[in-house]
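Below is one structure, written out as structure tokens; the observations come after it.
The values are calculated or read from the model by the stated rules, or taken from the named source; none is laboratory data. Keep in mind that this is a model prediction, so the values were computed, not measured. Glycine gets a Cβ as well: all are built from the backbone with ideal geometry, and neighbour counts include every protein chain shown.
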Amino acid sequence: MQKEVGDQMNNGNYLIIHKNKVPEGSTILPAVWQMKRKRDIHTQEVKKYKARLNVDGSRMISGVHYDQTYSPVASWALVRLLLAVMALHGWHTTKIDFVQAYAQEPVKRDLYENIPKGFELEGVDQPRDYVLRLHKNVYGQKQAGRV
């Protein structure tokens, strides 16, 4: 969890600000953690624990916090077609794993997120008095009940 927040801060995705600097009438959205265990494919032993910090998109309001949602995803029919073409031509496939692979596009609206409960940030004495201001979209944030 520390690594996730550190990476996000280093990427310039968040800025820590005092709550009294949040414009009046702005909604401070809750933070949610997405936790995952990466397992060895053969032994099923846990190799790595991963954590992602997200804005709780179920609390976002269309037209206030966002306008559109779009997530480009390849359909299984297209994946099967590409694999068939590769097999016909004798081409080889390659698997690539990216860290922080999602594009972090600048946020077009002011979004504020609570610092997760029990989490300590460097230089922040009372986390309840501070919030995170988002500068870039992270992980295609959960929006309007969508994962």
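Examine region 60-78 for a residue that is touching a strand residue (DSSP E or B) at 6+ places or on another chain (Cβ under 7 Å) and either at pLDDT below 75 or buried (at least 16 other Cβ atoms within 10 Å of the Cβ) (or both), and state whether such a residue exists.
Checked against the condition, which is being touching a strand residue (DSSP E or B) at 6+ places or on another chain (Cβ under 7 Å) and either at pLDDT below 75 or buried (at least 16 other Cβ atoms within 10 Å of the Cβ) (or both), region 60-78 yields at least one hit.
Under 8 Å between Cβ atoms, at least 6 apart or on separate chains: pull out the pairs that start in region 1-27 with a residue that is closer than 17 Å to TYR130 by Cβ and end on any residue that is outside any loop (DSSP other than H, G, I, E, B) and of a type in the set (S, T, N, Q).
Qualifying pairs under 8 Å: TYR14/GLN8.
Could you list, in sequence order, the residues of region 122-136 that are farther than 15 Å from ASN11 by Cβ and crowded, with 16+ Cβ neighbours inside 10 Å?
Of everything in region 122-136, those that are farther than 15 Å from ASN11 by Cβ and crowded, with 16+ Cβ neighbours inside 10 Å turn out to be PRO127, TYR130, VAL131.
Among the residues of region 9-52, what is the count of those that are farther than 20 Å from ILE115 by Cβ and touching a Phe, Trp or Tyr at 6+ places or on another chain (Cβ under 7 Å)?
Looking only at that region, the number is 1.
What's the number of the condition VAL107 fails, among (1) among the aliphatic types (A, V, I, L, M); (2) at pLDDT 75 or above; (3) closer than 17 Å to GLY12 by Cβ; (4) part of a strand (DSSP E or B)?
(2)
Strands (runs of 3 or more DSSP E) wholly in region 1-57 with at least 3 residues that are under 14 Å from the mean Cα position of the chain (by Cα) and not hydroxyl-bearing (Ser, Thr, Tyr) - which ones?
31-39, 46-55
Just one of (1) touching a strand residue (DSSP E or B) at 6+ places or on another chain (Cβ under 7 Å); (2) surrounded by 10 or more Cβ atoms within 10 Å (Cβ to Cβ); (3) at pLDDT 90 or above trips up GLU45, so point out which.
The single condition GLU45 does not satisfy is (2).
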